[in-house]
Amino acid sequence: MSSTASRIIFKDFITSGLPSISDFVVEKVPAPTKEQLKDGQVIVSPLYMSIDPYQRGRLTGTKDSYVDSYVKGEPITNFLVAKVVASANKDYKEGETVLADDGKWQTQYIANASDIRKVPVREGISPKDYLGVLSMPAFTAYYGT
């Protein structure tokens, strides 16, 4: 594993206009190690990260939304597909592909097993499909709000 991890930090609320690169900070932090894992945790490395329309509301700091705003100074979070790179959980093995609904935009981080689930292996379905045609925005488009 790498000795550092990169992450995208949310800097400040964007109350009008389009987000710009100056609204975020890319920072390096020590990469998590297997020795830091508590029982039941895993280290994951994101492969695919989703960018969805509902995130706009999370960037504005509004209090009357169905979803919490991002926290200033914390990594951006959203749906992602990741690879398990270390595990202290009998149900998750190194190399397995998992989904996280609130995964961190960070090259490696520690996740609790309760916050991830295995990607089902099905013929003709790619893991990234779980962020596209098999994702929350796709279901919203199909079924409505």
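The values are calculated or read from the model by the stated rules, or taken from the named source; none is laboratory data. None of these values were measured; they are calculated from a predicted model. We place every Cβ from the backbone using ideal geometry, glycine too, and count neighbours over all the protein chains shown. Ligands, DNA and RNA are stripped out before the accessible areas are found, and what is left, the full protein with its side chains, is counted by its heavy atoms. Shrake-Rupley method; radii C 1.70, N 1.55, O 1.52, S 1.80 Å.
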Q. By per-residue mean of other Cβ atoms within 10 Å, what is the highest-first order of 80-93, 127-140, 59-72?
A. 80-93, 127-140, 59-72
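Which value at 222 nm does the chain reach when only helices count, each DSSP H run of 4 or more adding -39,500 (n - 2.57), with the total divided by all residues and rounded to the nearest 500 deg cm²/dmol?
On the way: 2 runs with 14 residues, N = 145.
That comes out to -2500 deg cm²/dmol.
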Q: Give LYS11/LYS90; LYS38/LYS63; LYS63/LYS93; LYS28/LYS93; LYS72/LYS93 a once-over and call out the pairs whose C-alpha atoms are over 30 Å from each other.
A: LYS11/LYS90; LYS38/LYS63; LYS63/LYS93; LYS72/LYS93
Q: Keeping the other protein chains in place, figure out the carbon and sulfur percent of the accessible area of the range 51-144, with a 1.4 Å probe.
A: 55
Q | Nonlocal amide H pairs with ALA5, under 5 Å, H built at 1.01 Å | A | VAL29, ALA31
Q: Please report the relative contact order for the chain, taking Cα pairs under 8 Å with a sequence separation of at least 6, and give it as a percent rounded to a whole number.
A: 26
**Q.** In order through the range 13-18: 3J(HN,Hα) via Karplus (6.51 cos²θ - 1.76 cosθ + 1.60), integer Hz, x for Gly, Pro
**A.** 5, 10, 8, 7, x, 8
Q: Go through (i) 12, 43, 35, 10, 1; (ii) 11, 36, 35, 16, 1; (iii) 10, 29, 28, 18, 11, 3, 0 and flag the label whose value is the computed P(r) over Cα pairs in 10 Å bins from 0, in percent for this structure.
A: (ii)
Q: Please work out the Cα center distance from the range 51-83 to the range 11-48, rounded to the nearest Å.
A: 12
Q. How much accessible area per residue does the range 9-145 have, in Å², with a 1.4 Å probe?
A. 61
Q) Once label points are set 7 Å from the Cα along Cα→Cβ at both ASN112 and LYS63, what is their separation, rounded to one decimal in nm? A) 2.7
Q: Straight distance only, please: which aspartates and glutamates reach the Cα of LYS118 with their own Cα at less than 20 Å, same-chain residues fewer than 8 apart left out?
A: ASP39, ASP91, GLU94, GLU96, ASP101, ASP102, ASP129
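Within 10 Å, count the other beta carbons around each residue, average over each peptide in 38-44, 102-108, and list them highest first.
Per-residue Cβ counts within 10 Å, averaged per peptide and sorted highest first, yield 102-108, 38-44.
If the chain between VAL26 and TYR142 were fully stretched, how many nm would it gain, using 0.36 nm times the residue separation less the Cα-Cα distance?
Working: separation 116, 0.36 × 116 = 41.76 nm, distance 3.50 nm.
Full extension of this stretch gives 38.3 nm more.
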